[in-house]
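Worksheet: one structure, shown below.
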Amino acid sequence: MARTPLRVASVLVTAGAVAAGPSVASAAPRTPAPAFTQAAPAAAPAASEVVENGHHYKLLAEPPADVTAAAHYWKSMSIKGQKQKKSNWCGPAAAASALTYQTGVKVTSSTQSYLAKKMGTDKVGFTSPIAMGREMTNYINKAWKRKGTKYKAYRSITNPNLWDGVRGAYAYGEGPVVITVYSRKSWYPKAPKAMAHYVVIYGFDDTTSWNQSTYLIWDPAHGKRTLKATQWQKIAYAGRFVVAWSGLPF
């Protein structure tokens with residue numbers, strides 16, 4: 001990210017958002033281990049597989065038989081979303097929000113400023129996705145007092161790749177995924193053309209195909225949003241970067 005001359009900033013000022021304290025971005029209870037949240041009475045996970053255009057999809061569990069319930073078969077990861085405190089702190093705020101999912105990791109109102117300093121956000125004017133992955137790794141390893149945990153920046157992620165990765169993050173209990181989008185192409189049409197923005201994917205609609213799904217989004221400049229899975233590549237910032245746990249199926 002540092003190689004591009006484009007200035008990456010946040011849309012807090014453009015969007016007219018007002019910084020606020022932590023708020024709950026998901027009503028789903030935090031589970032200590034991967035679990036399949038059913039909208040119907042619990043059932044054993046099934047290995048249903050759908051093949052579409054040569055791509056294999058596996059449902060995490062069978063949807064409810066009831067048509068109405070199946071239409072809203074949401075799976076979410078419990079986080080406490082933080083509003084960004086400065087106009088260019090969407091990156092630190094998104095990272096802090098994602099880290100609230102992790103058990104034993106203390107995230108406070110000062111975490112944003114700590115991450116902003118470590119990531120060099122104010123020094124260069126924006127947050128590099130590579131720096132974000134590095135500092136999320138350092139933060140969680142320090143909390144857990146061990147090495148080996150690793151977040152990383154994935155590049156050139158396609159629509160199907162992102163869906164697979166988000167579902168994998170949920171299934172394995174690895175936590176939310178941070179994505180980078182063009183502000184103007186996403187939710188802020190009056191933002192500067194080259195302005196980027198970080199948001200967090202903390203849930204999704206577990207459909208049989210990626211192009212029927214919708215993501216649950218935490219936007220540090222606004223709050224809760226949704227994003228159609230088909231829209232990712234249309235609004236993704238240059239490089240199509242995604243910051244997530246290492247080893248996910250991107």
Search segment 215-250 for residues being part of a strand (DSSP E or B) and of a type in the set (Val, Ile, Thr), and hand back the single one that is surrounded by the fewest Cβ atoms within 10 Å (Cβ to Cβ).
THR226
Test LYS193 against the stated conditions and say whether it is among the charged types (D, E, K, R), under 24 Å from GLN231 (Cα atoms) and within 15 Å of the chain's Cα centre (by Cα).
no
Looking at segment 142-151, is at least one residue farther than 26 Å from ASP205 by Cβ and under 13 Å from the mean Cα position of the chain (by Cα)?
no
Number of positions in segment 119-140 that are buried (at least 17 other Cβ atoms within 10 Å of the Cβ), modelled with pLDDT of 95 or more and more than 18 Å from ALA244 (Cα to Cα)
1
Quick one: would you say SER209 is in contact (Cβ under 8 Å) with a residue 12 or more places away in the chain, in contact with a strand residue (DSSP E or B) (Cβ under 7 Å, 6 or more places away or on another chain) and surrounded by fewer than 16 Cβ atoms within 10 Å (Cβ to Cβ)?
yes
Can you tell me which residue among LEU115, LEU162 is under 19 Å from LEU248 (Cα atoms) and not hydroxyl-bearing (Ser, Thr, Tyr)?
LEU162
Quick one: which residue in SER97, SER87 is modelled with pLDDT of 95 or more, among the hydroxyl-bearing types (Ser, Thr, Tyr) and within 30 Å of ILE140 (Cα to Cα)?
SER97
Hey, GLY165 hits all of (1) surrounded by 16 or more Cβ atoms within 10 Å (Cβ to Cβ); (2) outside any helix (DSSP H, G or I); (3) in contact (Cβ under 8 Å) with a residue 60 or more places away in the chain; (4) of a type in the set (Gly, Ala, Ser) but one; which does it fall short on?
(2)
Taking segment 163-207 and the residues there that are hydroxyl-bearing (Ser, Thr, Tyr) and closer than 30 Å to THR103 by Cα, the one that is modelled with the lowest pLDDT would be THR207
Just wondering, is there one or more residues in segment 151-160 that are more than 28 Å from GLN212 (Cα to Cα) and surrounded by fewer than 17 Cβ atoms within 10 Å (Cβ to Cβ)?
no
How many residues does segment 177-205 hold that are crowded, with 24+ Cβ neighbours inside 10 Å, outside any strand (DSSP E or B) and not small (Gly, Ala, Ser)?
0
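The values are calculated or read from the model by the stated rules, or taken from the named source; none is laboratory data. Since the model is a prediction, treat every value here as computed from it, not as a measurement. Backbone-built Cβ (ideal geometry, glycine too); neighbour counts: all protein chains shown.
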